[in-house]
Amino acid sequence: MAEPWIALLEAGDPERAWDLFIERYRRLIFGAIRRYTAESDDVMDVFARVCEVLRENGYARLRRCAARWEPDRPLSTFLYTVVHNITVDWFRHRDGRPRLSSVAAALPPLQQRIFEYVFVDGRSHVEAYELLRSRDAPHLAFGEFLGELSGTYRAVLRTPRGHIASQLAEPPPAIPDAPPDPAAASEQRVVLARALEALPADDRLAVQLYVVDEMPADQVARVLGYPNAKTVYNRVYRALGAIRSHLAQAGIRGPDL
Amino acid sequence: MLETILRKRRVTAPHPAPELLVPYALGAHDPATARHVGNCAICRNAIEELREAAGLLRGPSVFDRRTETSDCPDEFVIADFVDGHLTPQSRAPIVAHLLTCARCRALVKATSELATNEAGLTRQVTRRWRRWSLPVGLAAAAALLLLLLPRVRDESTPGLREPTVTSTIAPVPITPTPGASVARVDSLVWSSVPKAERYRVRLYDGEGSVLWTVETTDTSAALPDSLRLQPRVAYFWRVEAQAEWLRWAASDLASFRIDARR
């Protein structure tokens, strides 16, 4: 049986449909927002923005929800994606810059710039490096940059707002012990890309989500439709083995790795 | 005899399966696997190789794009992907996209995490609601109870309602200015709607629960003394205008805060 707000929406009474909808889902939305920030002002501001987005364009999103509703298709998952996007956007584009800048206030000048590029502007690490070279530190080596980047992540994640800040940036990079040789790094990337292409797409995504993005194995299993986390471990084990033998065949092994 | 058994056990003890080796290699705390790896050259080598391959994979993540593009699927598609509701045909291009888009993978990861912890989300809110409700007091509770009554009546008679007249002008909240932080709020003021017979105002707390409501023919309403608004807390209000019998036009939800310097 469809949820009551859908009938009201279809009957042309979006206001009452909205009241029922928000009554049904407001706790879930609040709960989701609180996973990102515990400050009540922030929670309320994001909640207001979520409501605004769901209502905009004549309740367009609500209407799509109603059109797609099925008993075994939980609306909550859609709401989580909305909450995530809105929270990240809200922190980044509205009050995000000044508030998050307080996180960076104690950082050295170079790390403040890195923070601004990576966490506030959402740029990739490579973009941040190029911007730093062109605007702030023309002689900054990539290895030095990686060291400063790593320091920025460590400092930010220690702060009370570290969790939300970490949502605004890509995962911290793996810092090599020594600055990479550009030619060798380029060759490695080509061989690695070939090794990955040899894997089935789902296995590649499992590796990407579990190894690179550090998503828990049980959740990787869920989104990929695997029976359980054990399947993820087995696929990742085989995939990493295949990647390594591919690289070994290309003559890249031991210290080169 | 015992020593023979133990020696034999050491020799024939199985190596940890991938479900133990992989998480251990990538940093999981697992004393039993650590003990085995410490005594087993084969597994030490396997762990080393897993770490090397993982390190190689993580390195190029610095090149990942993090911003949204026109190729990124919308929230509905991401939700269906996480829930496994996509058909094989519609799923394949999403998998291909996710392999190249760190932004969408982050969205999948966040959505999956929230969906996995769904029970915890609503439990947490329930606890907070109890905490928030304590200072409201008996008067507010009684007011809330009274104000819930019209809502019950509305929901029990949906068949009596006609579709909302969309051409009716909605009132606009004027004071306090939407989004403003103010020293105090004694009354709520909104714009008038032609031919409105009455207005209904609702004030919500931070949890979205109705704190106070009133119906009036005026375009302002004084807040009762029993309503104690807390500093640094966001409140929301909305006003509806009734131009015809059971036809209401509602304003957008407006927010305000009481300034902490009050």
Shape call for region A:1-131 from the C-alpha gyration tensor, a ≥ b ≥ c root eigenvalues: rounded (a/c under 1.5), prolate (a/b greater than b/c) or oblate?
-> prolate
3J(HN,Hα) from dihedral phi, region B:179-191, Karplus parametrisation 6.51/-1.76/1.60, rounded to Hz, x for glycine, proline = x, 7, 10, 10, 5, 7, 10, 9, 8, 10, 10, 9, 6
Can you sort B:VAL37, B:VAL77 by how many other beta carbons sit within 10 Å, fewest first?
-> B:VAL77, B:VAL37
For region B:99-108, take each phi angle, set θ = phi - 60°, evaluate the Karplus expression 6.51 cos²θ - 1.76 cosθ + 1.60, and give the result in whole Hz per residue in order, putting x for glycine and proline.
-> 5, 10, 10, 5, 5, 6, 5, 4, 5, 4
Label region A:1-70 by shape, choosing from rounded, prolate and oblate, from the square roots a ≥ b ≥ c of the eigenvalues of the Cα gyration tensor; if a/c is under 1.5 it is rounded, and otherwise prolate applies when a/b is larger than b/c, oblate when it is not.
-> prolate
Say R0 is 22 Å: what FRET efficiency, to the nearest 0.05, do B:ASP218 and B:ILE169 get from their beta-carbon distance?
-> 0.80
Take A:TRP69, B:TRP212 and order them by how many other Cβ atoms sit within 10 Å, fewest up front.
-> A:TRP69, B:TRP212
Please order B:LYS195, A:LYS230, B:LYS109 by the number of other Cβ within 10 Å, starting at the fewest.
-> B:LYS195, A:LYS230, B:LYS109
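Only the coordinates and a few stated rules stand behind these numbers; no lab work does. Remember, predicted model here, so these are calculated numbers, not experimental data. Reconstructed Cβ throughout: ideal geometry from the backbone, glycine too, with neighbour counts over all protein chains shown.
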